[in-house]
Amino acid sequence: MSFLDRFRSKKAKPKEEKKAAPAPKAEAPKSHKAEAASCAGKTAASVEASQLAFSDLVESGQPLVSYKFGLGAPPGGKINLAIYWAAACGGCDVSILDINNGVLTVGDMANIVMWPVAADGKEKDIAAMEDGSITVSIISGAVRNSENEHMVKLLRKKSAIVVSYGTCACFGGSPALANLVKGGKDEILDYVYTKVPSTANFQADYHKGSPVVPQSHVKAPEGDLELPVLYDTVKTLDQVIDVDYYVPGCPPLQESISHLLKAVADLLYNGVALPPKGTTVGVVTKTLCDQCHRRKEFRRVSKIVEPHEIDVDPELCLMDQGILCLGPATVGGCNARCTSAGQPCRGCYGPTVAVQEHGASALTAIASLFPVLDEDPTCGEDQIIDVMSTIRDPLGYFYAYTMGKSLIKRSVTEKGGN
Ligand code: SF4
Ligand code: SF4
Ligand code: SF4
């Protein structure tokens, strides 16, 4: 039976697995990849997806990062760690470095076998590895093209644990807004390569009459060239492969990646079981409003405004000032970093655990601020529609980060329609 088969069969037998207590330090596992998979599979079978927050660690008295560099390799030897970006901006990769000297702890416990933004390690190197021989793969970005899909499937096959890291991987993020383009990839490529001023000028100067746009197969004097195939629909990571843990945020907070590092270090050095499979790291059960310091007065607003259009009261809820804020529909975890700085929440941490449709949830929360009262002739249905109509780009606003997980999925053009 292969390593991954063992992992999967354990998931199917939760009761038997319950007997297998986490290994004490003195009996640290010889194979960390097997232990890691066992812990994730064991808990996945018996515990619902949950949240694991920075505050939980603090409340339980555990330090955020209990492992200092200089410990040397863990008892079972260094693990293999892969970090990969699919359709990502690189911000998530940079955020991993936010753990400061925690990076040295990573150096103690792991061989980084792939990290395109910072280290060597090519596709062929990963393909040559034994299945399951990478203990943890941290993957950021949405799945946008055939190369993304190939790489995440390859890393899944080679990894005991896959972490969906950042909002693009978890919810599609801004790349998934492309799903709203009715004409799909063809319309996007045409617009980007022939319509925006810089490329339109280039095409007019050098390819007048037959503009050049990227192709997946090109014959060149050097031979046949291949580029990844762009997909019409951008997908979240867990729509393409099985995912063990989620770390939302655009990018995730330093606390989140430190928390992830601590969980892995706890496993490797002390045999402490990993959190349940499906855990979202760095979020709480309540909404962002619960973490926001701003005073809520539940005022009726008569106009939707942007922050730059008014003098923003630093103490008052932004919604009370007519600024659309997705805090009521967004899961807490970031300690309200945007609203603390006078900017509305745009929802990068995604919805609370009970909600899939983040945008609709935000719309509902906002609609509740505009109750139609029979005895209030100044704010009837027509006035409310007028106010709501002033929201610019509502789809883009309410689904800025979560279109990939939306039930809307994508825009389509019906035959004969527009
Ligand atoms: S989640 Fe944000 S920081 Fe991370 S890759 Fe996506 S856009 Fe960049
Ligand atoms: S709506 Fe926004 S500004 Fe108001 S309390 Fe909630 S998070 Fe804070
Ligand atoms: S306030 Fe909202 S948009 Fe800003 S970091 Fe937090 S969840 Fe993301």
Going through (1) at pLDDT 85 or above; (2) surrounded by fewer than 19 Cβ atoms within 10 Å (Cβ to Cβ); (3) not hydroxyl-bearing (Ser, Thr, Tyr) one by one, Asp382 fails only at (1)
If a residue must be of a type in the set (S, T, N, Q) and modelled with pLDDT under 90, how many such residues does the stretch 259-280 contain? 1
Return the pairs, sorted by first residue and then second, in which the second residue is hydroxyl-bearing (Ser, Thr, Tyr), the first residue lies in the stretch 211-230 and is without any contact (Cβ under 8 Å) to a residue 40 or more places away in the chain, the beta carbons are less than 6 Å apart, and the residues are 6+ apart or on different chains. Pro211/Thr194; Val213/Tyr193; Leu227/Ser216
Hey, Ile241 at pLDDT 90 or above, of a type in the set (Val, Ile, Thr) and away from ligand 3 (no atom under 16 Å from the Cβ) or not: yes
Among residues belonging to the stretch 141-180 that are among the basic types (Lys, Arg) and in contact with a Leu (Cβ under 9 Å, 6 or more places away or on another chain), point out the one that is nearest to ligand 3 (Cβ to nearest atom). Arg144
Looking for something surrounded by 18 or more Cβ atoms within 10 Å (Cβ to Cβ) and at positive phi - is there at least one such residue anywhere in the stretch 289-304? no
Being within 16 Å of ligand 2 (Cβ to nearest atom) and either closer than 20 Å to Leu288 by Cβ or at pLDDT 85 or above (or both), is that true of even one residue in the stretch 399-411? yes
Under 7 Å between Cβ atoms, at least 6 apart or on separate chains: pull out the pairs that start in the stretch 154-171 with a residue that is on the phi > 0 side of the Ramachandran plot and end on any residue that is buried (at least 24 other Cβ atoms within 10 Å of the Cβ) and in a helix (DSSP H, G or I). Gly166/Cys92
Which residues, counting only those in the stretch 289-326, are within 8 Å of ligand 2 (Cβ to nearest atom) and within 21 Å of Ile384 (Cα to Cα)? Lys296, Cys317, Leu318, Met319, Asp320, Ile323, Cys325, Leu326
Read through the list (1) on the phi < 0 side of the Ramachandran plot; (2) of a type outside the set (Asp, Glu); (3) more than 7 Å from ligand 3 (Cβ to nearest atom), then give the number of the only condition that Gly342 fails. (1)
Among helices (runs of 4 or more DSSP H) entirely within the stretch 166-283, at least 1 residues that are within 15 Å of ligand 1 (Cβ to nearest atom) occur in 167-171, 254-270
Answer yes or no: is there a residue in the stretch 321-332 that is surrounded by fewer than 22 Cβ atoms within 10 Å (Cβ to Cβ) and modelled with pLDDT of 95 or more. no
Would you tally the residues in the stretch 338-360 being in a helix (DSSP H, G or I) and under 17 Å from the mean Cα position of the chain (by Cα)? 2
Across the stretch 290-336, the tally of residues that are within 16 Å of ligand 3 (Cβ to nearest atom) and in a strand (DSSP E or B) stands at 2
What are the pairs with Cβ atoms under 7 angstrom where one residue, in the stretch 300-319, is farther than 24 Å from Asp382 by Cα and the other, located anywhere, is among the small types (Gly, Ala, Ser) and within 12 Å of ligand 2 (Cβ to nearest atom)? Sequence gap at least six, or different chains. Pro307/Gly342; Val312/Gly342; Pro314/Gly342
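The values are calculated or read from the model by the stated rules, or taken from the named source; none is laboratory data. Keep in mind the model is a prediction, meaning the values are calculated, not measured. Positions of Cβ are backbone-derived with ideal geometry, glycine not excepted, and every protein chain shown enters the neighbour counts.
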